[in-house]
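S.K.: Handing you a structure now.
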Amino acid sequence: MALETHLTSKEIGALIDAAPTLRDKMIISFLADTGCRISELLQLKVHHIDFEQKMVLIPHLKPGIRKKCPTCGKSTGRRQNFCPKCGNDISKVVAEGDEERTRLLNVGQRTLDICQQYIEKRGRD
């Protein structure tokens with residue numbers, strides 16, 4: 001017997017309908033529709049949502065800043081103090097390459113309608 005690992009559209013609709021507040025409806029609908037993480041949802045601003053194109057721009061939360069070992073050239077994370085390849089102290093090396101990444105996702109009309117209602121009710125960004 002196989003264990004189901006996802007909810008059907010009908011089950012998701014029932015969850016949204018059963019949510020006690022407009023905020024909860026918006027959260028459930030948005031997460032189910034986009035598959036984004038709750039931390040990504042919490043970082044969203046109104047300007048990230050394109051209601052006409054039915055798209056949302058999800059900013060990537062982790063900066064892509066890297067350090068490069070001056071001795072061997074190995075690229076490491078910005079918080080590394082020692083090179084994983086040669087073992088040299090790289091604590092004084094300045095991180096470079098601030099890279100901003102984003103994802104563009106489709107959003108369903110029901111989710112957009114709930115988001116619009118929430119924004120109008122809340123009245124803030």
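The values are calculated or read from the model by the stated rules, or taken from the named source; none is laboratory data. Just so you know, these numbers come straight off a predicted model, no measurement behind them. Because the Cβ atoms are built from the backbone with ideal geometry, glycine has one as well, and the counts that use them run over all protein chains shown.
S.K.: Quick check on the range 10-60: of everything there that is surrounded by fewer than 16 Cβ atoms within 10 Å (Cβ to Cβ) and of a type in the set (S, T, N, Q), which residue is farthest from the chain's Cα centre (by Cα)?
M.R.: So, considering only residues that are surrounded by fewer than 16 Cβ atoms within 10 Å (Cβ to Cβ) and of a type in the set (S, T, N, Q), the one farthest from the chain's Cα centre (by Cα) is THR21.
S.K.: Continuing with this model, one more query. Go through the range 79-107 and report how many residues are at pLDDT below 80 and surrounded by 15 or more Cβ atoms within 10 Å (Cβ to Cβ).
M.R.: Total meeting the criteria: 1.
S.K.: Identify all residues within the range 30-59 that are closer than 17 Å to ILE16 by Cα and touching a residue at least 12 places away in the same chain (Cβ under 8 Å); write none if there are none.
M.R.: PHE30, ALA32, ASP33, THR34, GLY35, CYS36, LEU41
S.K.: So which pairs qualify, if the first residue must be in the range 1-17 and closer than 15 Å to ASP33 by Cβ, the second must be at pLDDT 85 or above, the Cβ gap must be under 7 Å, and the two must be at least 6 apart or on different chains?
M.R.: What qualifies is ILE12/ALA32; LEU15/ILE28; ILE16/LYS25; ILE16/ILE28; ILE16/SER29.
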